[in-house]
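The values are calculated or read from the model by the stated rules, or taken from the named source; none is laboratory data. Here the structure is a predicted model, which means the values were calculated and not measured. Here the Cβ positions follow ideal geometry from the backbone for every residue, glycine too, while neighbour counts run over all protein chains shown.
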Amino acid sequence: MKKAGLRPGWRGEWFQPVALVGVETLPGVAISATSPGGEVPLTWLTDVAGQTQRQRAEVEFEGEAVFVGHGITAPEFGWDDWRGLEAKGKVCLMLANEPQTGADAKFFDGPALTYYGRWTYKFEQAARKGCAAALLVHTDASAGYGWSVVRNSWGREEAQTKLAEGAEGLAFAGWVSREAAGRLFELDGRGLPQVMATAGNRGFRGYAMRFRMKGRVPSRIRQISARNVVGMVEGTDAALARQAVVFSAHADHLGVDAAAGGDGIFNGAVDNATGVAVLLEMARAWAAIPRKPARTAIFLATAAEEAGLKGAEAYVAQPGVALAQTVLNLNFDSFFPAGRVKDVILDRAERTTLWPHVERVVARYGMVVKPEPRPGAGSYFRSDHFAFAKAGVPAFSVKLGTEFLANAENRLALVREYGAKRYHQPSDEFDPSWDFAGLEDVARLGIEIGLAAANNPPGVKWVPQVSGKRPAAKSKKGAGKGR
Ligand SMILES: [Zn+2]
């Protein structure tokens with residue numbers, strides 16, 4: 001970034017510390033339900049998987065079980081599973097995903113997954129309601145993936161954002177398998193299918209169940225120091241230079257795992273060295289613009305995106321430029337270098353006041369905007385821009401489509417091969433045969449969209465959502481793959 005002509009972008013520094021805590025549940029964990037009929041123990045990794053959020057080596061909980069449906073409070077959809085329920089100190093059981101919407105685009109966004117359907121939201125909401133512990137009921141259909149995925153990603157160390165002084169967190173946040181949930185709901189005298197059907201009905205309210213749950217959760221705890229790299233180019237307008245456009249790309253990957261094959265190094269060449277390359281090239285170009293833009297530009301290479309947007313969340317919690325003065329976040333995550341394409345995906349750009357500018361820029365490059373191909377998978381919630389969006393800042397990612405301008409069939413095959421075999425594997429490695437022309441297009445689009453935001457006098461705002469009026473694609477819902 002220094003070579004690209006930037007200046008330190010975070011409070012006079014290049015590096016922003018990102019304090020994480022590694023939490024790994026130890027095999028001595030014991031979680032069970034107790035009812036007048038006796039005790040029902042849950043078998044670790046077969047029936048239940050998860051972590052404590054308290055970041056302590058020994059945690060215990062005990063409380064009445066409550067069933068909170070989907071665990072959602074969504075006033076805009078007239079939905080509140082928690083209405084009238086006292087959840088403080090209780091063990092809260094919830095379903096994955098969101099109420100199924102059928103064709104109604106006004107209800108939970110139709111086929112697109114809303115943030116309410118993400119497991120992250122459910123645990124946040126359970127913590128806000130004061131639950132002692134929260135358990136999500138897994139089914140293949142509602143999660144969008146099998147129990148083996150839960151078991152793999154929740155049965156190992158989790159990197160959590162270090163708790164603030166005095167903050168508490170859930171004693172346990174995790175998943176129960178469909179079979180185990182079936183046994184629990186039997187204790188309450190209802191079958192799981194019946195419970196799931198009821199929870200999807202309008203007017204559903206959470207209720208206390210006829211059993212209690214308790215747990216002892218021993219964990220291995222370690223402190224992890226990660227860091228974001230932040231550079232900036234100051235704006236030139238006396239008033240607007242206090243405001244910023246943030247360009248971001250995550251610089252982390254999954255580390256090293258000797259059991260994963262090869263040298264075990266997760267290089268992340270596509271995911272996300274390509275995004276970081278685009279970020280650095282945009283930084284270089286931006287710093288070289290003779291007539292500097294009005295607003296300040298921040299170039300943010302985040303840590304720990306793969307651990308759940310932790311670096312981006314750390315930036316949002318302590319930004320280089322105040323969030324109220326941050327007009328836009330443009331994020332760059334993974335571009336398969338197989339040549340130029342005609343289509344670009346800018347999911348939710350259409351919900352910002354920048355949209356007319358974005359459309360013009362894309363048209364000028366002879367490209368077309370395509371809707372997100374799988375809105376039901378919730379990919380919008382799974383890259384760094386979402387940390388900004390959640391805090392109210394207009395934010396979206398620039399992604400390439402797969403309409404290749406030349407040699408389309410072969411190139412599409414390469415993209416598919418990457419998705420099936422190399423994504424999140426040590427084999428995501430540099431290949432000298434790659435064609436980076438598509439990345440050049442991404443960088444040019446990024447600069448031009450960023451310029452529009454940096455020079456547009458009123459800045460950028462989210463526009464109130466007009467349900468059913470944006471580009472729509474059909475897709476089956478799933479709560480998003482893995483973690
Ligand atoms: Zn990525």
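Residue count for segment 242-264 under the criterion of being within 16 Å of the ligand (Cβ to nearest atom) and more than 30 Å from P394 (Cα to Cα): the result is 1. At least 3 residues being among the charged types (D, E, K, R) and either closer than 24 Å to L354 by Cβ or outside the structural domain of H357 (by TED's automatic domain parsing) (or both) is the threshold, and among the helices (runs of 4 or more DSSP H) wholly inside segment 371-462 those reaching it are 437-455.
Output the residues belonging to segment 75-92 that are assigned to a helix (DSSP H, G or I) and of a type in the set (F, W, Y). Within segment 75-92, just F77 meets the criteria. Consider segment 272-303. How many of its residues are crowded, with 24+ Cβ neighbours inside 10 Å and within 12 Å of the ligand (Cβ to nearest atom)? Adding up the residues that qualify gives 4.
Take E306 and tell me if it is over 18 Å from L445 (Cβ atoms) and within 11 Å of the ligand (Cβ to nearest atom). Taking the combined requirement at face value, the residue satisfies it.
Among the residues of segment 98-120, are any of a type in the set (D, E, K, R) and in a helix (DSSP H, G or I)? Checked segment 98-120: no residue is of a type in the set (D, E, K, R) and in a helix (DSSP H, G or I). Consider N267 carefully, then state whether it is under 28 Å from the mean Cα position of the chain (by Cα), within 16 Å of the ligand (Cβ to nearest atom) and part of a strand (DSSP E or B). So N267 does not fit the description; no. Number of residues in segment 203-258 that are of a type in the set (D, E, K, R), assigned to a strand (DSSP E or B) and more than 27 Å from K122 (Cα to Cα) equals 1.
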